[in-house]
Amino acid sequence: MATAAEPGTDLVADTPDSGNPVVATQATPKPNMLPVVSSEGIALPNIAEVLAQPAVRKAMPAIITLLTIAIFLIAYSVTREPPTRSLYPGLSEADRQTAFDALTSAEFYVRIDDQTGDLIVRDERYHEARIFLASRGLPQEGAAGGMGSLSEDASMTTSQFMEQVRYVSAMEQELAKSVAQISTIQAARVHLAAPKQSVFVRNRTPAKASVVVTPFPGRIISNSQVEAIIHMVSSSVPYLSADDVVVVDKRGKLLTDAKRFASMQLNSSQMEHKNSIEETYRSRIDALLSSVVGEENVRSEVDVTMDFTETEATFEEFDNNRNGPKARSEILTQENNSTMAAIGIPGSMNNTNPGLASGVVDGQLGDDPVGTDGSSSTRQTRNYELDRAVRHVKMRGGMIQRISVAVIINEREVEAPPPAAPVLAEGEEAPAQEVAVEAPGMVIDPYTDAELERFTNLVKGVVGFDQARGDVVTVVAAAFEKPVPIENLVKWYENAQVMSTARSMGAALTFIILLFVVVRPVLKSYLPQVETVEETKAVRRQDGELTEEELAMIQEEEPESLDDIKAKLKPKKSTISADMLDTANSYDDKVALVRYLVAEDAGRVANVIRKMIKVG
């Protein structure tokens, strides 16, 4: 039996077959393997010993992978440009300079945008920067003025004129803030001309206003928004009519022109209806002709003239049954005249009073013996009710008055026919060498009049052509110009999107290179080498050892004697595994096998004992 010895002594093992002793010498520890001793005298484990532990070596690939990912994420977060945000866009130059100095002195990250000139701060400190500038009274244009400024610098000596000027200025700034709240407007200025009004109505002067608006880049102020600005300003100022409000953009374009002549032109809803009809006709024409000439070879435009006039009329009709004329009213008049002729002898006194008639009491009236003259008239009016019908008709607008269609078709290109062979005269021989002929190119094959007429008839059928209405359809064929590529005015390395993509791709490429150059070799050094079965067999046969199949056959056989095992192992100089020790019959045979192993491979046994001493 081999016994453990003190460090530095030799280990001697005797074998039954030879008297030569086998010496196993313990290796002296290297200087870098010495344990580290702390100041308190406690032995600390060496880094190499810690890394050599099986658990550490087993977890080392995962640790290296996690450390690599962590280092990459830290490097990417450090090199990546943090997200930024524009602070108070549209500031004046004075406020911008003051705000820049204030933020710089407060150690804020601030820079000026090269394109817009706005102040740019980091997104995580955006609200902090706004609060900081507000505490410094910035921006001064937004903080100053407004209705809140009326109470500032107020004193008993302030004249009425100055009070009026301050009031108008406050109104202008409040209206400008309200106009700037519209989504498409970046900034606005309002100018009011509000004269002092008289107590007499006939002496009152109407107020006037002008508004200057600045839209956001790429945004368009619609007519409805202009109309909203006009009504908002006119309703906020006394004696200000909507017709006296002018809206101008920053380019000097008068935006209220379209609203002033809105009654003469189409409003937005009517224009949308007109455009929708034109687009419907245009899409139908393109869909029909593109199936014949190709989608990219046809262009069409449609103009529809529409009448949006609304007509309202009331009709009253009589004699719907057609019974002929009837009297509606008649007047009946009857007159009676009665007159007595003259009686008596001409020249006699016929006009004398004949005296009282007999039997007439004084003071009473008697009958007229002669009679009295008289006339009578009767008038009657008769009205008749006739059959009557009242009809109220209201004609809505949107009637199509005229349709004009213009269609242009790209000339078709066909491959040019090959050149014809030269005609040889009688007795002339063909040239010995053939002349190289260039490949034929593409030539234009114009459409015939019949084909254009067919296209015209197709378009007329699509739009519902009406000659009486004055419709016009024109179809022509022409060669389209090939589009010219537009040069990019911004250099590619100055494009922010390109640079951002390049940074991301560079970071990914760096990570991949780091994995293959650093991580992969380290992992290969810690991971066990995997050999194929054929390679293992070849190495064992080359060294004269038993293969796995032969060892398995030995293990599966019945227990045998020590001489039989030696007889099988000696020819091939194979080593003894731990499983092969079980095939021995007795304990003495196992000890003899171990001694035989020491005699055959003393170096491996010395290494095993050295490791046992270290672990112990």
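Just a few scattered comments:
- Comparison of 146, 117 shows that the only residue that is closer than 30 Å to residue 236 by Cβ and either modelled with pLDDT under 90 or not small (Gly, Ala, Ser) (or both) is 146.
- Members of the stretch 165-187 that are of a type in the set (S, T, N, Q) and either surrounded by 13 or more Cβ atoms within 10 Å (Cβ to Cβ) or modelled with pLDDT of 90 or more (or both): 169, 173, 178, 184, 186
- Members of the stretch 101-138 that are among the basic types (Lys, Arg) and either over 23 Å from residue 185 (Cα atoms) or loosely packed, with under 12 Cβ neighbours inside 10 Å (or both): 111, 122, 125, 136
- Qualifying residue in the stretch 312-323 (condition: without any contact (Cβ under 8 Å) to a residue 24 or more places away in the chain and among the basic types (Lys, Arg)): yes
- Strands (runs of 3 or more DSSP E) wholly inside the stretch 1-106 containing at least 2 residues that are over 20 Å from residue 612 (Cβ atoms) and modelled with pLDDT of 50 or more: 84-87
- Taking residues in the stretch 196-207 that are at pLDDT 80 or above, and partners anywhere that are not in a loop (DSSP other than H, G, I, E, B), the pairs with Cβ atoms closer than 8 Å and at least 6 places apart or on different chains are 196/164; 206/240; 206/241; 206/244; 207/192; 207/193; 207/240; 207/244.
- Any hit, the stretch 227-242, residues being among the charged types (D, E, K, R), surrounded by fewer than 15 Cβ atoms within 10 Å (Cβ to Cβ) and either farther than 25 Å from residue 139 by Cα or not assigned by the TED database to the domain that holds residue 271 (or both): no
- Matching option when the condition is over 30 Å from residue 186 (Cα atoms) and in contact (Cβ under 8 Å) with a residue 12 or more places away in the chain, among 98, 68: 68
The values are calculated or read from the model by the stated rules, or taken from the named source; none is laboratory data. Computed from a predicted model, the values in this text were never measured in an experiment. Heads up, the Cβs are rebuilt from the backbone with ideal geometry, glycines too, and the neighbour counts pull from every protein chain shown.
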